[in-house]
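A.B. asks: Pasting a structure here, questions to come.
The values are calculated or read from the model by the stated rules, or taken from the named source; none is laboratory data. All figures in this text were calculated on a predicted structure; none of them were measured in a lab. Note that we place each Cβ from the backbone using ideal geometry, even for glycine, and neighbour counts take in every protein chain shown. Each accessible area value is taken on the protein alone, full model and side chains, heavy atoms only, with ligands, DNA and RNA left out. Shrake-Rupley method; radii C 1.70, N 1.55, O 1.52, S 1.80 Å.
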Amino acid sequence: MKNSFQLFARRVRSDWLFQYKALRMAVDWVIAIYFVIPLIIVAGYQYYSWWAAQPAWFSFITLFLVGLVFYLFTWFGTIRYFVEEGDQLFLRQNQRWFQHLMRLGHRYSLVLQGFTTLLLVLVFLPLLVQTYGFRVPQLIALWLLTYLLKINLGLLRQLVALRMQGFFHWILRIVAFAGLFFVYQELVAMVIQNALYIWAILLLLLVLAVVVSKLRLQEKGAFFADIARERDSRMRIVSLMLIRVTERKRKPKRRRPLFFKNSQRLFKGKGAGNGIADLLVKSFFRNGTQWKQTIQFAALISAAMFIMPGSLKIVVWIVAAIALVFWRKSFCKDELRSPFLTLFPIQDTAKHQALQLSTPILVLPALILISLCLGISFFTWWGPIVMIGAAIPLAYGTSSVFTSWY
């Protein structure tokens, strides 16, 4: 490396390449074609329609809820410095290079945080403009308020973590989170009222960000904490993918399973396909992790049904069914590759038959709950009955289509 800027540029390129490869592991071409791309198209069309005509459900979203989303966003993310373990041996001996690398990482984080904050404002732009009448100065003030608070919180959390650990650290974070929430809501109210002194507050936040940035860059003894933070930031996508395989302390198992205690047959008929389908269904319903993730997914989609417009609800209902099919298909294929089953010479045709038999059964519980909430959201007595009745052919139809290949 000729200079510290080239070293910084190489580490940034390496980080982006690493995140891209991690996404490629999670999103293959099948998921991109059948799920991600259609979802982007539907979201883009829906966003355009919000500008063409204001949806009726916009009136149910209060400014308090908007402020809550923006405030939670300010607590996400961190300020990175792109330091690594190997820097302890070589780079730290050259203080000029090391300090320049940290400053470049700090500036990179400021730009990135400003860009992500701008994206958040753009997502809420139709609501802010059409419902609450925000003008350009108010939008700029809201963006600056959220951005500067996010920067200050990120830097202050780092400084506090270097000086305080354990119980008192978490108590301070909880108190700060609750207290600053009400302060932020008041500041958002000032923005909507177009108060002139909001700009003075923004100037104070800017000065505070400059002061805290200097203190943080001059902080001694933060090298190993910066390394840990950098490692967590680099692994943010991979860690989400590895939640299922993270080694945890095993809980004592029940002597008898909660479901299918008597190991009765679920599918009539003989053959390896029926037997394997039995195994897949029982394995899923006895898996606590799958139940927990399924409940979380179903609860999120069910709650969304009560706030989305009618036409979009049906689209999300179908997309949720497709997502559940891919999810269950992935689980079944993992089970079919388990060490126990690989001991037997099972043909691919039998595995494929088991996959097609078991997938609709695994999709139905979550899809029925989502369909029930979808029917209730229509505020009719026949809505839940119709939607639950439609959930069964949807589960079998999507499963038949997306398990047609093994």
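A.B. asks: Less than 15 Å Cβ to Cβ from P345, Lys/Arg counted +1 and Asp/Glu -1: what total charge do the surrounding residues give?
C.D. replies: Summing Lys and Arg as +1 and Asp and Glu as -1 gives +1.
A.B. asks: Lys pairs in the stretch 272-404, Cα-Cα under 18 Å, at least 8 apart or on separate chains: how many?
C.D. replies: 7
A.B. asks: A further question follows. Under 5 Å between amide hydrogens, which residues at least 5 positions from I61 or on another chain qualify, with H placed 1.01 Å from N in the peptide plane?
C.D. replies: The list, which skips near neighbours in sequence, is empty: none.
A.B. asks: Residue by residue through the stretch 378-394, which ³J(HN,Hα) values in whole Hz follow from phi under the Karplus form 6.51 cos²θ - 1.76 cosθ + 1.60 (θ = phi - 60°), with glycine and proline marked x?
C.D. replies: Once rounded to whole Hz, the list reads 7, 6, 10, 6, 8, x, x, 5, 5, 6, 5, x, 6, 5, 5, x, 5.
A.B. asks: Could you please state how large a percent of the accessible area of the stretch 68-200 is carbon and sulfur, counting protein chains only and using a 1.4 Å probe?
C.D. replies: Of the solvent-accessible surface of the stretch 68-200, carbon and sulfur hold 73 percent.
A.B. asks: Testing the spin-label approximation: label points 7 Å from Cα along Cα→Cβ at W199 and A228. State their distance in nm.
C.D. replies: 4.4
A.B. asks: How far is it, in nm, from the label point at R96 to the one at Q296 when both lie 7 Å from their Cα along the line to the Cβ?
C.D. replies: If labels sit at R96 and Q296, their model points lie 4.9 nm apart.
A.B. asks: Further, regarding this structure: Averaged per residue, what accessible surface does the chain expose to a 1.4 Å probe, in Å²?
C.D. replies: Ligands and nucleic acids excluded, the result is 59 Å² per residue.
A.B. asks: Counting alpha carbon pairs within less than 8 Å and at least 6 residues apart, what relative contact order, in whole percent, applies to the chain?
C.D. replies: It rounds to 16 percent for the chain.
A.B. asks: Taking N as the number of residues in the stretch 4-241, what is its Cα Rg relative to 2.2 N^0.38 Å?
C.D. replies: Against the compact-globule rule of thumb, the ratio is 1.16.
A.B. asks: Amide H neighbours of F378 under 5 Å, counting only residues 5+ apart in sequence or on other chains, H built in-plane at 1.01 Å?
C.D. replies: Amide H to amide H, under 5 Å and 5 or more residues apart or across chains, F378 pairs with nothing.
A.B. asks: Still on this structure: Subtracting the Cα-Cα distance from 0.36 nm times the residue separation, let me have the gained length for V36 to F18 in nm, one decimal.
C.D. replies: Contour length minus Cα-Cα distance gives 4.4 nm.
A.B. asks: Rounded to the nearest 500, what is the chain's calculated 222 nm mean residue ellipticity when only DSSP H runs of at least 4 contribute -39500 (n - 2.57) each, over all residues?
C.D. replies: Calculated at 222 nm, the ellipticity per residue is -24500 deg cm²/dmol.
A.B. asks: Output ³J(HN,Hα) for the stretch 222-228: one whole-Hz value per residue in order, computed from phi by the Karplus curve 6.51 cos²θ - 1.76 cosθ + 1.60 with θ = phi - 60°, and x for Gly and Pro.
C.D. replies: Per residue, the Karplus-derived 3J(HN,Hα) values read 9, 4, 5, 5, 5, 5, 4 Hz.
A.B. asks: Now for a separate question. Each label point is 7 Å from the Cα along the Cα-to-Cβ direction; what then is the distance between the points at W381 and W75, in nm?
C.D. replies: 4.5
A.B. asks: Could you tell me the center-to-center distance, by alpha carbons, between the stretch 176-231 and the stretch 331-404 in angstrom?
C.D. replies: Computed from Cα coordinates, the inter-centre distance equals 47 Å.
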